[in-house]
Amino acid sequence: MVRLDLSDVCVRYPIYATSRQRSILGFAANRASFGRLARDAGRIPVVNALNGVTFSLQQGDRLALVGRNGSGKTTMLKLCSGLILPDSGEIEVEGARACIINPGAGLDHDKTGFENVEMMGRLLGISRVGRRLLADDVADFTELGDFLNLPVRTYSAGMTIRLLFAVATSVESDILIVDEVIGAGDAHFVEKAAKRIRATFARAKILVLATHSGEIASQLCNQMLWLDAGRKVMLGEPRTVWDAYINQRPQLEAVA
Amino acid sequence: MRTLWGDVLATALGLAVRDLAVSLKRLPLAADLASQDIHGKYKRTVLGPLWIALGQAATVGGFVLVFSSLFGLSVDVYAIYLAAGFPVWALISSYLTDMPNAFVASKGFIESYEVPWLTHIWRRSIGYLFVFAHQVITLFAAMAILRVPPKIEMLYALPALLIVSVAGAGIGIALAVIGARYRDLQPAMSIFAGVAFLFSPVMWRAEQLQVNEWVVQYNPLYYVISLLRDPLLGVAPPAQTWVISGGIAAGALITGVLVFLLSRRRLYHWL
């Protein structure tokens, strides 16, 4: 049984802006002087990233997260994927999770394309057999040919993105958590990429996808959550929520 | 209704235990990452990791040339003493100076992959052991050249290495957590290690110290260094050293675990 339930979840996190706030000497000076010295070390600003969000996802649910930049979408994704713990409220998860939030991490520019795929496969916990299949799959999808035997340093930006995209979309899991769909590459690739994304998402039993595109959301998702300043503004059918959302943001295109 | 601390510890404990369990199950991954770290450093060099042994030989050679007459020690004795002591010190010092960066440097990994926090600790530990093994090559080379026969007591080095690694990992976890929150911990630990090197019998011999014996007696590093160095010199470490080092290892482990537990909630935010 796969589920993801959030109940009145709040997330707050500190922002360390000045070097004194990151310094153990600053901390010591502040405490020892009862707040007189290194004042900024004693007053650390806190962001209320999420304020009392509640929703419940079951097998087959695909949730699109929309909202302005800074509304809490990425924090929500990181909460769902287990990186961040709620400060209050509860989150209950059943099922294996995987996230596609920062696919470029773990890329070693001195290693070849194939070596990187191998390493990322290991990090993702894929078995040896699975990794061999992954290598074939990546070679087939990216069409990078012999470049896969050369260091990633020699790749163009578009080629690197194709490689990362291929690995990222090979992730299989019960619950998939994705931050914005990567869009890059030439027209031929974009077409292929769209198909691959669809296939990847279809394999997941629950999908949480942060996006700025109403079209993608309505094609791929059955629910949409509109976040603003960490609060749930609206939760429901993608078209309904999207229409409400864009009426506040007229510069975004309406979904046909 | 459970108390707030009960809740915090219940979640943190569960997470920490799960983190430990998964990190141990995925130890081969830590080994792989360690191997990647090291080979990355020596990638386009001629000797590869053998540079480690060469560097060690140069350091020992330099010290012997300058200090053996200053200390009134014969070259043979001093060379072996240093060739055994420097790798031990380097191992301990690595834990102190490199661990504060363990989580900070792996931020990208942590964000993107479901890899346990503790894997980054094991990864570095394995790296330090690899370097240690290469530095000890210099010791064996020195023993061969100076015709010092190996003794069976050298096998004590294996349990000693285990205890030192446990102590190192324990303190390493604490340092990695605190180093994530306070970014100047790493430079501070570098200075500390530099001073500790002077205060510990690595460059000089404990027996030579006639005054200020407290420097050796109350220096916890002395016992840990001796525990691993004595077997390398062909001597079984005395019971007192085993007991004190074991205590230090246990204390370090408990400290590391506690610090990890108490900070687990905030840890990601600190990166």
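Remarks
- Surface composition of the range A:192-253: carbon plus sulfur atoms contribute 49% of the solvent-accessible area (1.4 Å probe, protein chains only, all chains present).
- Within the range B:196-222: backbone nitrogen closer than 14 Å to the B:Val77 label point (7 Å, Cα to C-beta): B:204-209
- For the range A:26-85, the Stokes-Einstein estimate of translational diffusion at 4 °C and a viscosity of 1.567 mPa s comes to 88 µm²/s, using the Kirkwood hydrodynamic radius over alpha-carbon pairs.
- Sites A:Arg12 and B:Arg147 - FRET efficiency at Förster radius 56 Å, r taken between beta-carbons, to 0.05: 0.25
- Relative contact order for the range A:1-151, counting Cα pairs under 8 Å that sit 6 or more residues apart, in percent: 28 percent
- Positive end of the dipole of the range B:102-170 (Cβ unit charges, origin at the Cα centre): among B:Tyr113, B:Val136, B:Val166, the Cα lying farthest that way belongs to B:Val136.
- Label-point gap, in nm, between B:Leu20 and A:Leu37 - each point 7 angstrom along Cα→Cβ: 3.8 nm
- Members of the range B:168-214 that become less accessible by 50 Å² or more once partner protein chains are added (1.4 angstrom probe, chain alone as reference): B:Arg181, B:Tyr182, B:Asp184
- The spread of Cα positions in the protein assembly as shown, taken along each principal axis and listed from longest to shortest, comes to 89, 62, 40 Å.
- Accessible surface of the range B:56-186, 1.4 Å probe, proportion on carbon and sulfur as whole %: 71 percent
- Overall, the protein assembly as shown carries a charge dipole of about 740 debye about its Cα centre when +1 sits on the Cβ of Lys and Arg and -1 on the Cβ of Asp and Glu, all other atoms neutral.
- Size-normalised alpha-carbon gyration radius of the range B:142-207, reference 2.2 N^0.38 Å: 1.57
- Efficiency of FRET from Cβ geometry, A:Val47 and A:Ser156, R₀ 35 Å, rounded to 0.05: 0.45
- Over all projection directions, the Cα-based convex hull of the range B:1-135 averages an area of 12.1 nm².
- Element breakdown for the range A:1-88 at a 1.4 angstrom probe: carbon and sulfur atoms account for 50% of the accessible area.
- Structure remark: mean-square fluctuation, Gaussian network model of chain A, C-alpha springs under 10 Å; the largest value among A:Thr211, A:Thr142, A:Thr18 belongs to A:Thr18.
- Computed over chain B, the range of Cα coordinates on each principal axis works out to 70, 46, 35 Å, biggest value leading.
- Residue order by solvent-accessible surface for B:Trp51, B:Trp117, B:Trp270, B:Trp242 is B:Trp51, B:Trp242, B:Trp270, B:Trp117, largest first, with ligands and nucleic acids left out and a 1.4 Å probe.
- Chains B and A together bury roughly 3000 Å² of accessible surface, counting both sides and using a 1.4 Å probe on protein heavy atoms.
- In Å², nearest 10: area of A:Lys205 left accessible to a 1.4 Å probe: 80 Å²
- Solvent-accessible area per residue for the protein assembly as shown (1.4 angstrom probe, square angstrom): 48 Å²
- GNM on chain B, alpha-carbon springs under 10 angstrom: the most fluctuating residue among B:Ala12, B:Ala167, B:Ala252 is B:Ala12.
- Lys pairs under 15 Å by Cα in the protein assembly as shown, provided they are eight or more residues apart or on distinct chains: 4
- Calculated from backbone phi, Karplus (6.51, -1.76, 1.60) coupling profile of the range A:64-81 in Hz, x at Gly/Pro: 9, 9, 10, x, 5, 5, x, 7, x, 4, 5, 4, 4, 4, 5, 5, 5, 8
The values are calculated or read from the model by the stated rules, or taken from the named source; none is laboratory data. Treat the numbers as computed from the prediction; the structure is a model and nothing was measured. Every residue, glycine among them, receives a Cβ derived from its backbone with ideal geometry; neighbour counts consider all protein chains shown. Surface accessibility is based on the protein's heavy atoms, side chains included, excluding ligands, DNA and RNA. Shrake-Rupley method; radii C 1.70, N 1.55, O 1.52, S 1.80 Å.
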